[in-house]
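Only one structure is covered here, and it is reproduced in the block below.
No value in this document is a laboratory result; all are computed from the given coordinates. Please read these numbers as outputs of a predicted model, since none were measured by experiment. When we count neighbours, we look across all protein chains shown, and the Cβ atoms used for this are built from the backbone with ideal geometry, even at glycine.
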Amino acid sequence: MFELLTEKFSNVVEKLKRAKRLDEKTIDEALKDIRRALLEADVNIEVVKQFINDVKGKLVGQEVIKGLNAGETVIKLIYDELLEILGEEAPLQKAEKPPTVIMLVGLQGTGKTTTAGKLARWLKSKGYAVGVVSTDVRRPAAGKQLCTLAESIGVPCFIDETEKDAVRLTEKVIKQAQESGLSHIILDTAGRLHIDQELMDELVKIKEKVNPAEILYVADAMQGQDAINTAEEFHKRLGLTGVILTKLDGDAKGGIALSVRKVLGVPIKFIGVGEKIEDFEPFHPDRIAQRILGLGDIQTLVEKMQSAIDEDKAQEMAKRVMNAEFTLEDLKEQLQMIRNLGPLENVLKMIPGIGSKIKDLKVDEKQFVRIEAIINSMTPEERANPHIINGSRKRRIARGSGTTIMDVNRLLKQYKEMKKMMKKMKKSGKMKLPFNMPNLPF
Ligand SMILES: Nc1nc2c(ncn2[C@@H]2O[C@H](COP(=O)(O)OP(=O)(O)O)[C@@H](O)[C@H]2O)c(=O)[nH]1
Ligand SMILES: [Mg+2]
């Protein structure tokens, strides 16, 4: 996600960090690089202009911020401006009296049905009684796709294959859903390949009938500016309340994420980051800005870990990692936790200083099974003090874990390297930053 921007911005950040003075040349160069990066990432041209102008404006007469050096001051201003164009965090609106109806709209193939499932799962995890409804009367398969998803997460799905009028159908199923005492109802609407007046009229009628608390435009991030143009059409007719950006995991350049708020004037509420139902998160502008600047995304990482393990353990682990005091026992525990988080590549990309460096990283998950086996064959003392592992201990461990001495050596070496890296990160303060001040990368 945002690889291109992160890579380019990281370069700018590194250059600025090294700069001793805020001279004109340094700043001009940084702004030029940023301008190019934003345009390459397909950010709307007006938004790019405003971004550069605002940063320039803020720099006039800017004193170096206390505690920061010159370059860091500029980075801080860039960060503030990123937050500005990303907009504030915007939670889901609730209806005054339940059920809260959330209508998902957009062209065909952008991810509406998938997103209906994802959002239902997310709401359910927050303790809400949620149901889903398909208003697509033309394609029976559309309703089935939604119900299959709903079934997989234990959420009721309402369809009516005999009703061929979308507005009447919506009324009918909403009534059923109300009677079931649901707090939230998600409407998965029909899409078309292009803007289509008939569909628009239908959506407007549905809107009038059910008075949704949210009308969310589901935009495929890979479509770049086109998606924004289409969204504008939907906005004119329906009055959107927000956007859900899907497919940010693909090779989307991410420009749309930076353009939506300014161009449409509505917030991004959620992002879809994969095909699986759990690949979905609320949109956090501060984290995205940090991610783009290459400062990593420790918060998201910790949060994901928290949902996979209990909170205390996550805190403890984060502390140990940051203090570079983790043992082989910790390593084993972490590997198990990390494996619960999903594909390792995604997890690693969120770690500061690593994200921008690994582009096409593929992790061999089998390696982890082997590592775990090796650590399992060690005594507690060996796990806590790996330096006592001599030749004969290595032989025993290798035999016990069904590996070779070479494998054991490799693990010990990797462990040492990891510790070294953590010490370095601790010294440079890189890992500490997002923890101390969640809203500032410093
Ligand atoms: N990689 C990725 N694929 C997605 C995401 N959201 C949806 N898709 C895929 O996009 C395709 C179309 O999705 P669907 O929900 O049927 O779109 P709809 O026509 O708008 O209802 C499917 O293959 C989905 O698996 C996402 O966030 N990431
Ligand atoms: Mg669909």
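Among Lys112/Lys207; Lys253/Lys419; Lys94/Lys207; Lys15/Lys76; Lys97/Lys175, which pairs are too far apart, with a Cα-Cα distance over 22 Å? Correct reply: Lys253/Lys419. In this structure, the amide hydrogen of Ile268, modeled 1.01 Å from its nitrogen in the peptide plane, lies closer than 5 angstrom to those of Val243, counting only residues at least 5 positions away or on a different chain.
Computed extension length for Gln176-Ala95: 27.4 nm, one decimal, from 0.36 nm per residue of separation with the Cα-Cα distance subtracted. Highest mean packing first, where packing is the average number of other Cβ atoms within 10 Å per residue, the peptides 126-136, 165-175 line up as 126-136, 165-175.
Over the range 3-86, what number does the Rg to Rh ratio reach, with both radii from the alpha-carbon atoms and Rh per Kirkwood?
Rg/Rh: 0.94.
Within the range 69-161, all pairs of alpha-carbon atoms sorted by distance into 10 Å bins from zero give the percentages 14, 34, 23, 14, 10, 4, 0. Hey, with R₀ at 51 Å, roughly what FRET efficiency would Arg36 and Val369 work out to, going by the Cβ-Cβ distance, to 0.05? Given R0 = 51 Å and the Cβ-Cβ separation, E is 0.70.
Note on Lys205 and Glu7: with the Förster distance fixed at 51 Å, the Cβ-Cβ geometry gives a FRET efficiency of about 0.65. Straight-line reach from Lys58: taking Cα to Cα under 13 Å and skipping same-chain neighbours fewer than 8 places apart, the aspartates and glutamates in range are Asp80, Glu81, Glu84.
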